[in-house]
Each structure stands twice: as structure tokens, then as C-alpha cells.
Amino acid sequence: MQPFAYFRPESRGEVFAALREFAPDVRILAGGTDLMVRLRSGRFRPNAVVDVKRVSGWSSQIVETEGVLRVGAGVTMTDLVSAPSVQQHFPALVEAASVVGSVQIRNRATLAGNICNASPAADTAPPLLVYGAVVNVASRAGERQIPLSEFFLGPGRTALAAGELVESIDLPIPVEAAGSAFQRITRRRGVDLATANLSCSVNRAGEVRMAFGAAAPIPLLVTGTAASLEEMTAQARPISDVRGGAAYRQAMLLVMARRALEVSLGRLRQ
Amino acid sequence: MPPVNNLKDDKPKWVGQSLGRVGAEDRVTGRQKYAADLRIDNALQVKFVTVDCARARIIAIHTEAAAAVEGVRCILTSADLPQPVPKCGPAYDDRPVIAVGETRFHGEPVVVVAAETEDAAELAASLVRIEYEELPPVLTVEAALDPGSPLVQDHLQSNVLTENHFGWGDVDSAQAHCIVENDYTFPMVTHFAIEPHAFIAAPDPDGITIWSPIQHPYVLRRVVATALGWPVARVRIIAPDPGGGFGGKGWPKVEPLLAFLALRVGRPVRLVMSLEETFQAVRRASAKVHARTGFDADGRIVFQDLEANFLLGAYADIGPRVVSKASYSACGPYRAPHARVVSRALLSHTTPSTAFRGFGTPQASWAVESQLNEAAARLGLDRVEIRRRNVPAKGEEFIPNENGADGNWIESLEKAAAAVAWDVPLAPNRGRGISLGLKSSSTASASFALVRLHHDGSASVLSGTSDMGQGARTVFTQIVADELAIEPDQIVVVMGDTSVVPFDSSTSASRSTVFMGNAIIAACKHVQEQVAAIALEVGAGAEVPYEELLRAYYGSARGEVIGLGSARSAYVPGHPLGGKSAFWEMMAAAAEVEVDPETGMVDIRKLVLVSDVGKALNPMQVETQDEGSAVMGLGHTLMEQLLLDSHGRIRNLGALDYRIPTIEDIPAELHSFLIENEDGPGPSGAKGAGEGGLLSIAAAVGSAINQAVGVAIRDLPLTPERIWQAIQDRQT
Amino acid sequence: MNLRLTINGKEVAREVAAHHTLLEFLRDDVGLTGTKECCAEGECGACTVLLDGKAVNSCLVLAVETEGSAVTTIEGLEKDGQLDPLQQAFIDKGAVQCGFCIPGMILAAKYLLQENSNPTDAEIKQGLAGNLCRCAGYSRIIDAVREAGRAARQ
């Protein structure tokens, strides 16, 4: 790994100052489970790494306010899957976060980091899209909200501007009854990156929201009904790579869509 | 009959027991020192520089920027070595110790940097600039066979390094009722020992010392000495216990280069390879097998006509031996009245393939066992029955002029079938498969052992075997405990240092328990003879403890009794392999799988292994070796493969995309059974074990998948995608 | 950078390069070589340690991130010369072959049992899925963890 300067700011102001000083060759470090891999491989060669975990007010809490579950940027996958409020309202997110890497990874990896990494295959992205997540972003200029559906721009690219920091993710607590689920396809049964993944939710009106990953340059959100699963999954644009071929991925989306819908309907009825 | 001391029992007390692993405590506490854990004072850290493709012509090397990095002590290229640059290798001296003029595989070192710290070495390596012209590589069996392809080694006439012809009878005129003919492929897979390779080389007053987790320290000593042009006596190898070997640590790779580097800088040099670099250093030969098998109407094999092309890498390594040995017994544990096996070792611009558990047999077994399954289907025979009809009886010769079947192999087959509940009706999407695997053992090899009975009655065993997880120390301790009638905690097994332990050919071919075991028994007998003579001389009885006896003999000066033992597998001039197979490693495997027909995902519900081991000197160790071997076999069956791009680079280089079985990938039920008829040539009738588990797993699982969802796939690995695709192809 | 932390109950203060991982720090600077390096990208678990009580891959943590933290490595499990019950169970159940994965495996198991003293086999598998063993002694490892859990509950 090539040397870099390491900063561990204690205030947001210091974070923003460091981001400005070292832009554009600066990286934010939270859980580090993706960043460290890229630092080692040399894909990222920053001058500076800003560790945000000890910033005053940096939240590792999951707080419910005004119909929204706010997941702090410091919340790890382990924290997330064990939170009763998440389990109650967002079962597909629990299913997805439970299979992100291994226990050791989930003990470090944050939900915010998973989306900032902007992997097309990120497991938490599909359920977050389905649940209408909104990303709360801060910078020297102030704060803003970015709907997750507008957050991903391409592999590894997000709508975050230079100097911006994700502080939390809002999950609107469903007001109407809905059932939701998550599915993925992997090459082996233990810890693996998704060959493709998918989440869906369905309400009593039969409206289906579905999102899938590793099937397009970004995780895609589509809507339709139980009768239009084929049309919905046909919007994918999968590629062939070492994890799977395009045709297989495309076919698996439909299989996962059916299965996820079946589970979702079961949950809706409960 | 002179008295034998300490009343050795006729019935073994320790052999046959599942004595706890010697060295286990060090391994659960972190005290065990593997190669990368050793700290040698004053050592420089080494980093290799490579080019970003398999085959390139080196135009110029610019090292100025790298040399300016603080702490850099040496930047070595081929120009800094004796000219012509020495070539070496275990089979042929064909691998230059560093690339000269042209690279032949991705990852081949072109420049070596030695620096005071790993950081400095890494930085300097990144600053070395190599100007090169990429040349078209040879990457496949087809390309290697094409006379129009570039030569991998330009002094040769073709990329066919060796071609073997084995056979008997007359295949061409044999009359068969049914002929099954197919192509089978087996992918490149890598050992993925959890310990990446690590080395230290240090000049010393006598010559040079090399620390390497090598399975065969004496081979390494010979190869390094040859490269240096030195007598072997000046080269000392210290081989710490490997953190997994599987053949990947068997044969020398970069040690000669490190030896030259250490001598040049006059200091110890240390290289710890990354897992990615290790992937680029060792792999199994991929293979394409064309099989044509004739059967009579009753399912008896009439002929086997096999053409097996193994894709080796850029240098021979031990590859030609892998090919000849595997193809020699490629017909498996079956009678074949007529056989013709043509096998080729092909060079390519890829990582040199080397020994890997099973030594070429899994590649052949995948084809031959699958052929039997297809024949059974065509002839309306049960897959167990067709094997029953072809397996030779105990003692029956099945390869002319070779040792015959050395076990009751039908017993293994029946036991596997019973254990997997072969005849019980299956649930939907479930299937069962069964297969046999047969591997020849060590031919023409030698093991020496010293057993030192110390003045206090404790003993040291000096053995050139390498304990890489198979538990050799434990088994040797058990043997000596019985032979000398002392407690295991009075015995220390010393391994790995060629200045201490006597010669041993190799820790390979499942040979150590048999050959080193026999050598140790011989050494113990030698001790006992001397003890008996001493007892006679001092007039002591058999019940006198060693300590008293030796005090009576040597007095206060102390002394000890040293026993030397040896065992060898006879060299037979003219034999295709240099000698007959000392024993056969025979394994029956049976699997029950459930396949998700929509996704192609396979769930191994049950895997049964039956291993004919003659005698398990330590049953738990044999079982864990078999289980581990079988799970490793599930790896190449279901998920493992190195994928290359058109530049010859590994696309899935690293743990992220080269998948091996995790704890969640093991069978829901895994049972290993041992057949112990005490009919092997080793101690207490033991045969070798530890490779069998993986020999024919692929065919058993493949057949089970076929039964579950009706697709016969002939290319490994059987990934979910491949199974799904086969189901789609069948439906359209 | 200056780094202070607690390793196996002992305070340690050292200079460390900002870009060095906790794994490198433990092995190269502190000399605790029981923690192993294999893939160096969080896939194999050989470098697992407990960081403030949680199992993590020490290859994916910068040493400087652990300022003020408590780290437990395999060398810290023995108490007063007594093996941890998990260590003993790994020996007794024949779960150790080459041994290279074992330190990480035991620490992952330690965390598992700490979070769930009575895990099912499925939970044991889930808890250890991030630890590769190429000797594939997995079924014996499951036996060992089950046994250690049972011993701890009694």
C-alpha cells in the first residue's frame, strides 16, 4: 500500500477542511472494508485518508422520527440487522445486509459506505431503492437530501460532489401495508458477491416496486405489477464478467423476481 | 534370541489409535512459526517486478528512479546473473532463474528489488519501468497443438513437450457392442493453500541457507545447488512446516533466484508472496480428454481409447511426470482388455503447472468415470452394477506387468453404495452418483530415517518428511512409541533441515506413511538390535529400562543409540514410470445432490467416501484428510477455475473472484469410511492416503446432477450458470 | 504516527506508518505473528482479531484507526497458562490440520460464542463463513465450536 496522510478529525468542520485541502485525491474512511481493498490494489492512490469515525456527533444510531427511520452513517451491517425497528419495517434490508460479506466484514462495513462505494452489485442497494431511501448529505455549503434513486451515476460513481459527506440515510416507514423481500444469486453458498440480486415490495393494490443489482451499471429501480415481472426485469442491462454471463443474469432476475414476490406476498398477508 | 528391551508388545498400543495431532497446541495458540513468521536479523525485503501480460519481448529496463528510493540495496535483472543465465527445474533445467529477453507467463519476474523495508521495496518496484513489446501468447490446448502457434520455448520443435503412448491389446480390432465417445475438460485450478509462499535466503560460512515451506527439501537443495554450480553439501534447506501444501509447495520455483540475490547482496533476503503472486506461481494442469470407450452388451469394458492433452505452463516444472503418471493408470480401477492412451504435456504462456493433490488423476478420472455412467444409461444398467462388472478382483492384474489390484475394491464400491442409500427412491430434483478413483503411488523413491534413543530413554526421530497438515509427525510418533515401547511424550520428530535430517525423496504421492514409516521402523529395529547387544554385554534382562541400561553401558559419560533405517520403492529400468506402483490409492465416492433447476444451484446433501487404506495408523487423521480432500474436490467440481484474458492474465486473480468452498459449502452430511484389510506395504499393512478423496468427486457429483435434472455436462466446473445453461439447451 | 492501544490486556505505544494495517502492525511491529496473512482483502479470515470485542479482518483496518482500542489476538486467549476452551476443543476434535487458518478461525468462533452461547450448526457455519480452511477440516471445526459452546454453558 502506498503511503498517504491520515486524518482523524473530531468535528465536521475539520472534515470539510481536509476534504477541501486534499481534493480531489482524498478518500473518506468509515468501515474501510471496500476502501482498504482498493488502497491495497492501487486502484485508489489518495494523498489523504480522512477517518470520520470519531467526528463529534457522528452517528452510529438508528433513530425513528416523524415517520422516518434515520440510519446514521456510522451504523454497521451488524448494527443494522439486529435493530428491531429495521427488522420490523424493512425485512428485505435485513436480508440483504445479513449477506454482505462475512461476520468480520459486517462488523466494520457501514450501510452508508455500501452505497457510497456504488458497486452495481451492492446487496443493500436494491432494498434501499425499493424502500425509497433518501441520502442526507452535508458539506461546507450546508446540507441536502438526495433520493437514492438519483444517487448512483455509474460503477463507483455517485451524485456526491467534492467535499460532500453522507451523514445518514432516511428510510420512510411504510404507511400502507406492504410485503417485501430480497433474493440473490451467488457462485457458492458461503460468503460471496452477488452474481445478481433483487429486492421487491408489493402492496395490497398489487403494485410492485422492484430493484436489482449487478444487472446494469447502477442498481435499478423499476415499478409494475405482479403481472409485469418480465417487463420489469427486461429493463436490466446486464454484462458478462467473471461472476456470470449476461443471459444468465437476465434469466435469474426473473427467477428472483418471482421468488421475491412470492415471499413478499406472504409477508403482506401476515 | 537376545532380549529386546522394554518388552515391545506384539499388539500395537499406539498405532491404530486416533492420537491427538502433534503440534496442534502450537497451532491453536499462534506459536507455530510458519515461513513468514520467521525473523532473520538484517534481512532485506524482496519484491518482484513483472510485466502486464503473459508474453513480452523485453526492450529495456529503467531502474534509476527505483534505485534512488531510500533503503534500496539491490535491483537485479538477468544482466546481473552469470551468463548464460542458469536454468533449472525439477524435471528439466528449462526455467531461467529470472526472465531473460522474453517473459513466458504473467507474473514471471523480470526485475527483483531488495530493500531495507517492505515499503521501500514496494515503492521501488513500482518505479522500475520495463519497456516491452507484447507478443501473442499460447493459452489453450488447441493453440498449443497448432503447429502454426509460436513456440513457448524456442529451442524446441513444438509446444508438445512430451508425448506418452501407453496401452495393450488391440483397440482398433476390438469389437464393442456400444461405444461411448466424448470430450471432457478440466479447468486450471490453483492450490490456494491458506499460507502464501514465503522464502528467506541467507549466505552462510558453508554456502547458503534457504528457508522455504517446501515439501521436498532435498529436491530444493539439489535444484539450488545445480543453479549455483555448487556441491549440494554447501546448500542447507530449512523447511518450516507448510501452512498447506497440496503439491503446490513441492517443487522449487523462485528459490534459486533468491539464492543468487542473497549472494550478491551478502545479506539475508526475504520474500513473502501475496496470495495473488502465489496464484501466478502454482496451478494444476488443465486438461482436455477425448475418450472413446467400448463396452460389450453386458457393460463390460472392451476397450479404452483415450487421448489426454494436459496444458502445462511456460516451463516443465514436474508437469511431464504428472502427465505420464496420470495417463499410465488413466483407465482407472477397471479391467480393460484393450487400451490405448496417448497423452501430451503441452507448453503454454501460462503459470507453470505443478503437482497438485491427485497428480493428474482427477483430470483423467473425470472422463473415464463419466464414460461409465453414460454407458450404464445406454445399456440400461445401474451405475453401481456396471462398475461391479469391471472392477478387478484382489490380486488381479489390470495393467500388464504392473502390480495388480491390492485390495478388495468391490468392498469399497458396495460400502459407498450402501452408505449413500443407493436404492432408496429419490425426491424430485435429487440425484445420486457414484465413482471410483485410482491413483498410482510413489515409484522409484527412497526414504531414510534416523532414530536416536537418548540416554534418558527419550527419542528423537530425524525425518525428511514435511508435516504440511497431513499429520506425519503424529503417525511417526505413534510408530516409534510402539517400536521402542516408550510413551509418545518421550518422542520428538525433527523435520525439514537438510543439515540435520537424512535424505528423503519427497513428501508426495501419499508415500510418507508407507516409505518413511517403514524407514522409521527399520531405524527402530536397528536401535533395538544395538540395545539387545548392549543388554547382552552388560548382562541385563529385557525388563531393564533404557535409561539404566545405557548408564550401565556408557557410565556417567552418557551416550546414545542411533538407528538408521531406509525404505525404497524399487527403480525398475524400462518401466514407463521408473518403477511399479508400490500400492494403489483407491477411493469410492458417492454423492446425493439437490439441484435448483431454475438457478442451477447445487446442494450436496450427502457425500460418502470409502477409502481402502490397508490400515489407518491414525483413523482420525485419515478421515480428516479424506474429508478435506473431498471438499477440495468439490471446489474444482463446482466452482474453481482460473480464467484468462487474451493477454494471458488471470481475470479472477485473488480470493475475491477465485472461489473455494467455505464452511457453508460442505455437504449437509459427510461420511468417511475406511477399509482396513492390512494388505498394504506400509507399517501394519498401511497404504498411502490423503489424495483419494478428491480423485473422482467430480464424476460422482456430475452423475448425481445428471440424475437430478437430466443434463450431462462434460466441462468442469459445474457452476450454477453452466447447469442452468445445460437445462436451457435441453429444453430448446 | 504515534499509536496507543491495548493488545491482549497490555498497553502498547508505538510509532506506526499511517498506511500500515493492523495486521502488519501486529505482525511486524509488535511481533505477534500468530495472526496470519493470506488474502489481505477480507476474504479469507486468517487475520481475524477481536477489536473492541468484535471480530474483524485486521487486514482491512489501518493500525492508526485502533487508537485507544482493545485488540485481542490468538496469543491473548490463554489465561494463566490454560488454553481457552475453544483452543482445547479444536485440539480434541481433530479440527487442526496445517493450522494456518486456525488462529483466525478460533477468534471468529470466540466472537460467535460470545454473541450466541448456544449456536445451531447453521449458525456456526454462518459465523465462520468468512474463514477459509483449505485443508477443509470444516466439519471437525463445527464439532469443536459446538463442543466449546457446550463446555462453556456448563
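The values are calculated or read from the model by the stated rules, or taken from the named source; none is laboratory data. Being a predicted model, the structure only gives us computed values, none of them experimental. Heads up, the Cβs are rebuilt from the backbone with ideal geometry, glycines too, and the neighbour counts pull from every protein chain shown. Note: accessible area is taken over every heavy atom of the protein model, side chains too, but ligands, DNA and RNA are not part of it. Shrake-Rupley method; radii C 1.70, N 1.55, O 1.52, S 1.80 Å.
Brief remarks on what is shown
- Rounded to 10°, Cα long-axis angle of helix A:12-22 versus longest principal axis of chain A: 80 degrees
- Residues with amide H under 5 Å from that of B:LEU674, placed H, sequence gap 5 or more: B:SER611
- Adding -39500 (n - 2.57) for every DSSP H run of four residues or longer, then dividing by how many residues chain C holds, sets the calculated 222 nm ellipticity at -9000 deg cm²/dmol.
- Projected label points at A:SER98 and B:HIS575, each 7 Å from Cα along the beta carbon direction, are separated by 5.7 nanometres.
- The stretch A:74-80 - phi-based ³J(HN,Hα) in whole Hz, Karplus 6.51/-1.76/1.60, Gly and Pro as x: x, 6, 8, 4, 4, 4, 4
- With both labels modelled 7 Å from their Cα along Cα-to-Cβ, the B:ILE40 to B:ASP93 distance reads 2.4 nm.
- Every helix of 4 or more DSSP H residues in chain A counts as -39500 (n - 2.57), and over all residues that averages to -8000 deg cm²/dmol at 222 nm.
- Taking a point 7 Å from the Cα of B:GLU396 along the Cα-to-Cβ direction, the residues of the stretch B:280-312 with backbone N closer than 12 Å to it are B:300-301.
- Buried area at the A-C interface (accessible, heavy atoms, 1.4 Å probe, summed, Å²): 2300 Å²
- Amide H contacts under 5 Å for A:VAL68, placed H, 5+ residues apart: A:ILE173
- The mean of 1/r over all pairs of different alpha-carbon atoms in the protein assembly as shown, once inverted, gives a Kirkwood hydrodynamic radius of 31.3 Å.
- Cα centroid separation, the stretch B:328-359 to the stretch B:420-447 (Å): 19 Å
- For the stretch A:147-254, the direction-averaged projected area of the alpha-carbon convex hull comes to 8.4 nm².
- Normalised per residue, the accessible area of the stretch A:178-269 is 38 Å², obtained with a 1.4 Å probe and no contribution from ligands, DNA or RNA.
- At q = 0.11 Å⁻¹, base-10 log of I(q)/I(0) for chain B (Debye sum, equal scatterers on each alpha carbon): -1.18
- Per-residue [θ]222 nm for chain B (sum of -39500 (n - 2.57) over DSSP H runs n ≥ 4, rounded to 500): -8000 deg cm²/dmol
- Accessible-area composition of the stretch A:5-51, carbon plus sulfur, in percent [1.4 Å probe]: 43 percent
- Dimensionless Rg ratio for the stretch A:5-51, taking C-alpha atoms and the 2.2 N^0.38 Å reference: 1.10
- Geometric descriptor of the stretch A:41-153, per residue, is 138 Å³ (volume of the convex hull of the Cα atoms).
- Calculated P(r) of chain C - Cα pairs past 26 Å, %: 23 percent
- Across all C-alpha atoms in the stretch B:125-242, the radius of gyration and Dmax reach 22.8, 71 Å.
- Largest-first principal axis extents, alpha carbons of chain A, Å: 53, 44, 31
- Rolling a 1.4 Å probe across the protein heavy atoms gives the stretch A:5-51 an accessible surface of 48 Å² per residue.
- Nearest 10 degrees, 0 to 90: helix C:138-153 Cα axis against chain C principal axis: 90 degrees
- Mean Kyte hydropathy of -0.5 or more with a Cα span along the axis of at least 27 Å, helices from DSSP in chain B: B:517-538, B:619-638
- Pairwise FRET efficiency - B:GLU134 versus A:GLN61, Cβ, R0 = 45 Å, nearest 0.05: 0.25
- Interface size B-A, as summed buried accessible area [1.4 Å probe, Å², nearest 100]: 2200 Å²
- Taking only the C-alpha atoms of the stretch C:2-76, Rg followed by Dmax gives 10.8, 30 Å.
- Efficiency of FRET from Cβ geometry, B:ASP603 and B:ARG378, R₀ 25 Å, rounded to 0.05: 0.30
- Pairing chain C with chain B buries about 4000 Å² of accessible area. This figure sums both sides and uses a 1.4 Å probe.
- Percent RCO, i.e. relative contact order, over chain B, from Cα pairs under 8 Å lying at least 6 residues apart: 16 percent
- Pairwise centroid distance, computed over Cα atoms, of the stretch A:153-169 with the stretch B:377-413, Å: 65 Å
- Inverse mean reciprocal Cα-Cα distance (Kirkwood Rh) of the stretch B:184-266, Å: 13.4 Å
- Shielding of peptide C:51-64 by partners, expressed as the average count of other chain Cβ atoms within 10 Å per residue Cβ, is 6.
- With Cα atoms, 0 to 90° folded angle of helix A:246-269 axis to chain A main axis: 80 degrees
- Remark: spin-label model distance B:SER556-A:GLU150 equals 9.7 nm, labels positioned 7 Å along the Cα→Cβ axis.
- Note on B:SER556: accessible area is roughly 110 Å² with a 1.4 Å probe, heavy atoms of protein only.
- Spatial separation of Cα centroids for the stretch B:632-683 and the stretch B:50-125, in angstrom: 33 Å
- Share of alpha-carbon pairs per 5 Å distance bin for the stretch C:85-153, given as whole %: 4, 21, 35, 28, 11, 2, 0
- Pairwise FRET efficiency - A:ARG38 versus B:ASP146, Cβ, R0 = 30 Å, nearest 0.05: 0.15
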